[in-house]
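See structure below.
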Amino acid sequence: MILAIDMGNTNIKIGMADLKDGSIREERLTTDKDRTSMEYALMISSILDFYGFSRKQFEGAIISSVVPSLTGVIETAVRKVLGVDPLIVKGSLRMKLSLEKFPIPDLLGADLIIGAEAALRLYEPPVIVISMGTATTLTVVGKEGRFEGGLILPGLRTSMAALAGGTAQLPEVDLSSPGSVITVDTAESMRSGLIYGNAAQLDGLIDRIEKELSEKCRIVATGGLSRFVVPYCSHDIIMDDKLLIKGLLILYNENKTP
């Protein structure tokens, strides 16, 4: 077993991955920059205890982080729980993915690396990876296995918070299934705009990416918010909510000390 941690701006995914059969169990913690390493260590320990895992079952750990101020905190927490030094994801790790387009690979986001590496290994390139969290990212892996780049736009909840926070009469709404595109109710209008608007945005960007590449791509979506939007997209999009944890497992196997 390994402990695979994917730290985002909103949530921290705690993955417990079996190296023998590749099975993954996953839980989430809220990202909180004010928590100490001991607080995170206690939370991680509680998750392991809940699933009945002993510390001796874990041979190592790997961390992906887009929150630099918390990377060391989580690293220390893992040492306290497992007594091992976790592997930290960066562009200089061994991987199948080519980062030759980037002069300084270590400046590339860890979440983008693990998503692209997993997509390259698990799905036939060229492939577009959509990750929907605090921000929505689209990254492209070419048919030769090269990371071609991508784009970043505001996430679904980020857009909703900006809309509600910047106006006097627009509330935050839940992300349940929208009805008609055209509505007469304020909350329904916001829900329709957010869901259908993000779906149309993804469809349009996919079309533009494929036009630039002059070829069709496989499309894989991950992230907690993708389930609200992807069903309303016109493209055939594969949902893989554990894509990033799978990428961490792949990178750990590629870089673990013999």
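The values are calculated or read from the model by the stated rules, or taken from the named source; none is laboratory data. Every value quoted in this text rests on a predicted model; they were computed, and no experiment measured them. Cβ atoms come from the backbone with ideal geometry, glycine included; neighbour counts cover every protein chain shown. Surface areas here come from the heavy atoms of the whole protein model, side chains and all, with no ligands, DNA or RNA. Shrake-Rupley method; radii C 1.70, N 1.55, O 1.52, S 1.80 Å.
Just for helices (runs of 4 or more DSSP H) wholly inside the range 171-258: which have at least 2 residues that are farther than 25 Å from Leu93 by Cβ?
Here the list reads 186-213, 226-229.
Sort out which residues of the range 87-102 are in contact (Cβ under 8 Å) with a residue 40 or more places away in the chain and either open to solvent by 40 Å² or more (accessible area, probe 1.4 Å) or within 16 Å of Ile14 (Cα to Cα) (or both), and write them in order of number.
Leu87, Val89, Arg94, Lys96, Glu100, Lys101, Phe102 - these are the residues of the range 87-102 that are in contact (Cβ under 8 Å) with a residue 40 or more places away in the chain and either open to solvent by 40 Å² or more (accessible area, probe 1.4 Å) or within 16 Å of Ile14 (Cα to Cα) (or both).
Assuming Phe147 fulfils every condition listed in (1) surrounded by 13 or more Cβ atoms within 10 Å (Cβ to Cβ); (2) more than 20 Å from Met239 (Cα to Cα); (3) at pLDDT below 90 apart from one, which condition is it?
(3)
Using beta carbons and a limit of 8 Å, which pairs, at least six apart or on different chains, have the first residue in the range 129-147 and acidic (Asp, Glu) and the second one in a strand (DSSP E or B)?
Going by the 8 Å Cβ cut-off, the qualifying pairs are Glu144/Ser98.
Which one of these does Ser64 not meet: (1) farther than 30 Å from Ala161 by Cα; (2) modelled with pLDDT of 95 or more; (3) touching an Asp or Glu at 6+ places or on another chain (Cβ under 7 Å)?
Tallying (1) farther than 30 Å from Ala161 by Cα; (2) modelled with pLDDT of 95 or more; (3) touching an Asp or Glu at 6+ places or on another chain (Cβ under 7 Å), Ser64 fails exactly one: (1).
Inspect all residues belonging to the range 111-134 and state whether any of them is open to solvent by less than 10 Å² (accessible area, probe 1.4 Å) and among the charged types (D, E, K, R).
Checked against the condition, which is being open to solvent by less than 10 Å² (accessible area, probe 1.4 Å) and among the charged types (D, E, K, R), the range 111-134 yields at least one hit.
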